[in-house]
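Colleague: Below is the structure I would like to discuss, written out as structure tokens.
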Amino acid sequence: MKDPRGWWDTQYRRNFGETLHEQDEVLNMFSPDLPHANIHPRTALTQASIAFTIIGGIMVFLGYNAPQMPATRRAFPRDGLVDELGGWQQNKANPESLEEH
């Protein structure tokens, strides 16, 4: 008789050296549920909708109640230091560099 209190492999609940059933991957405890389980599809859809609504509501609540930045953003004079960085023409990508060689 097997010891009911422990297994050698606790994840799959079997002992070392035990022979496996032919369809062990289907019959083990991590296999998906049967499609004809006791949950009606409408009930499952309702429960999933409720769960997603609650999660979405929490995300919206946290989005509106996010803390403000503790500091102000950096502001640069003269249109964001365009002249000091070389102007708009210098900062554009060269058309030659966009072509494949």
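The values are calculated or read from the model by the stated rules, or taken from the named source; none is laboratory data. No experiment lies behind these values; they were computed from the predicted model shown. Reconstructed Cβ throughout: ideal geometry from the backbone, glycine too, with neighbour counts over all protein chains shown. Just the protein is used for accessible areas: all its heavy atoms, side chains included, with ligands, DNA and RNA removed. Shrake-Rupley method; radii C 1.70, N 1.55, O 1.52, S 1.80 Å.
Colleague: Given the condition in a loop (DSSP other than H, G, I, E, B) and among the aliphatic types (A, V, I, L, M), answer yes or no: does some residue in the stretch 53-64 qualify?
Modeller: no
Colleague: If I ask for residues that are open to solvent by 90 Å² or more (accessible area, probe 1.4 Å), modelled with pLDDT under 80 and part of a helix (DSSP H, G or I), which ones from the stretch 1-44 would you list?
Modeller: Matches in the stretch 1-44: GLU25, LEU27.
Colleague: Further, regarding this structure: Could you run through the stretch 56-101 and say how many residues are small (Gly, Ala, Ser), surrounded by 10 or more Cβ atoms within 10 Å (Cβ to Cβ) and modelled with pLDDT of 80 or more?
Modeller: Total satisfying the criteria: 2.
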